[in-house]
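> Handing you a structure now.
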Amino acid sequence: MRQPRCGLEDPFNQKTLKYLLLGRWRKKHLTFRILNLPSTLPSYTARAALFQAFQYWSNVAPLTFREVKAGWADIRLSFHGRQSPYCSNTFDGPGRVLAHADIPELGSVHFDEDELWTEETYRGVNLRIIAAHELGHALGLGHSRYTQALMAPVYAGYRPHFKLHPDDVAGIQALYGKKSPETEDEEEEMELPTVPQVPTEPSPMPDPCSGELDAMMLGPRGKTYAFKGNYVWTVTDSGLGPLFQVSALWEGLPGNLDAAVYSPRTQWIHFFKGDKVWRYVNFKMSPGFPKKLNRVEPNLDAALYWPLNKKVFLFKGSGYWQWDELAQTDFSRYPKPTKGLFTGVPDQPSGAMSWRDGRVYFFKGKQYWRLNRQLRVEKGYPRDIAHNLMHCRPQTPDATPSDGDTTSSATGTTLETTSLAIDITLHTDRSAGDTILDITPLATASTALLFPGNVTHPEI
């Protein structure tokens, strides 16, 4: 019988260790964030399963894991369907590929939300065991040649009295060392949730395929964010990503925003709502914010950063303001007519942004406009947001899969680590100070953010 196994082929050396090392974190105290949870389990049960998955590893190695509820985290766990902007591998529906993870120090762990995730039962797929396996990859372990090891490429199903195999322990300790009694006393234990959270009435989740938006933003690292109500999602060339509550990404930020804009010049993100403005660096709010809009009208319609003059443009009605973030701006000459600068765009846009190539986009209702280099609306615009931008398909009973749809007839369940465009050289003969892997990105990596220092922040 053909057993289900992982699609990752591991280059084992028969004369060396059973486990495989892929890399390691340069620190032992890691943060994690649970971005969302599966619908097949109560939130308390799912969180407890994920916490236990972390504890399998912290029980045998000098590692600590601390949960954060907002902003960036070293390890990020999320559930999504067949496509996501956060990973290059697509899921395939129920069965086969269950989850995948990035190697250190990338930190993404993704689970297929179409699976029947369960706990304490032989039915479905055990979330705790799969999460522990994927966290092993996220911590730097490859697949083990022991079939009973957690890190074996074949998912063996639910095990009532599950514990790590000696090969799993040997692998993680080869990366981070053994957990000594002194380390146990010093480290903070991760507390498992003991009381189920009281459910709150969720705000209505918008339909991204409706086409109507509150704001659009080209954010840090070139990610495009779409905002509607209390939710935000990313937009890529292949369509839209999973929805998250705005406050889950930017702590302290309300929903139903008027406008959002990111400035590569300062690395600041500004959000506008009513007569207030919020400033964030990545996902952390800047001290002293939110502030009141003093010299610009409240209830803005849209905002964008224009790379040609490195200024932020704020729009309301048929007018605009031009704002220099690092200098006092004379707003007495504003607002000016929007159509005097951007020809053919609608009044009262719901969103605006400039793309990486410098082209400017405006959004209103269910349509969007693109401007050419002369700042005139291009021929063929406006276009439909849902169809052309979100890549939504008409939901009809007779709809047939497009060329991009794939259907697999193979059976079995697969664990998979995310394939990355990297060149990896494994060093088996090394001193204690050597790195385990030489990892050379084949694509340009994200550069570190630079923040302006010792500058006066003019009010707007």
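> Within segment 25-65, track down each residue that is assigned to a strand (DSSP E or B) and in contact with a Lys or Arg (Cβ under 6 Å, 6 or more places away or on another chain).
Those that are assigned to a strand (DSSP E or B) and in contact with a Lys or Arg (Cβ under 6 Å, 6 or more places away or on another chain): T31, R33.
> Scan segment 163-181 and give yes if some residue there is surrounded by fewer than 14 Cβ atoms within 10 Å (Cβ to Cβ), modelled with pLDDT under 85 and within 24 Å of the chain's Cα centre (by Cα), otherwise no.
No - not one qualifying residue is present in segment 163-181.
> I'm told T147 meets every condition in (1) part of a loop (DSSP other than H, G, I, E, B); (2) in contact (Cβ under 8 Å) with a residue 24 or more places away in the chain except one. Can you identify the failing condition by its number?
(2)
> Looking at segment 92-101, is at least one residue at pLDDT 85 or above, on the phi < 0 side of the Ramachandran plot and surrounded by fewer than 24 Cβ atoms within 10 Å (Cβ to Cβ)?
no
> While we're here: I'd like the full set of residues that are surrounded by fewer than 20 Cβ atoms within 10 Å (Cβ to Cβ) and part of a strand (DSSP E or B), limited to segment 66-84.
Of everything in segment 66-84, those that are surrounded by fewer than 20 Cβ atoms within 10 Å (Cβ to Cβ) and part of a strand (DSSP E or B) turn out to be R66, E67.
> Also: Can you find a residue in segment 113-123 that is among the aromatic types (F, W, Y), at pLDDT 85 or above and surrounded by fewer than 16 Cβ atoms within 10 Å (Cβ to Cβ)?
Yes, because at least one residue in segment 113-123 is among the aromatic types (F, W, Y), at pLDDT 85 or above and surrounded by fewer than 16 Cβ atoms within 10 Å (Cβ to Cβ).
> A follow-up question, please. For residues that are among the hydrophobic types (A, V, I, L, M, F, W, C), closer than 23 Å to D357 by Cβ and under 16 Å from the mean Cα position of the chain (by Cα), tally how many sit in segment 212-260.
7
> Given (1) surrounded by 17 or more Cβ atoms within 10 Å (Cβ to Cβ); (2) under 21 Å from the mean Cα position of the chain (by Cα); (3) of a type in the set (D, E, K, R), identify the lone condition not met by D301.
Status for D301: all satisfied but (2).
The rows are residues; the columns are (1) modelled with pLDDT under 85; (2) under 22 Å from L304 (Cα atoms); (3) touching a Lys or Arg at 6+ places or on another chain (Cβ under 8 Å); (4) assigned to a strand (DSSP E or B).
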residue	(1), (2), (3), (4)
E184	yes, no, no, no
P193	yes, no, yes, no
P196	yes, no, no, no
T200	yes, no, no, no
P204	yes, no, no, no
E212	no, yes, yes, no
P242	yes, no, no, no
S247	no, yes, no, no
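> If we keep just the residues of segment 315-365 that are basic (K, R) and over 26 Å from the mean Cα position of the chain (by Cα), which is farthest from R295 (Cα to Cα)?
Among those residues, the one meeting the criterion is K364.
The values are calculated or read from the model by the stated rules, or taken from the named source; none is laboratory data. Remember, it's a predicted structure, so these values are computed and weren't measured experimentally. Cβ atoms come from the backbone with ideal geometry, glycine included; neighbour counts cover every protein chain shown.
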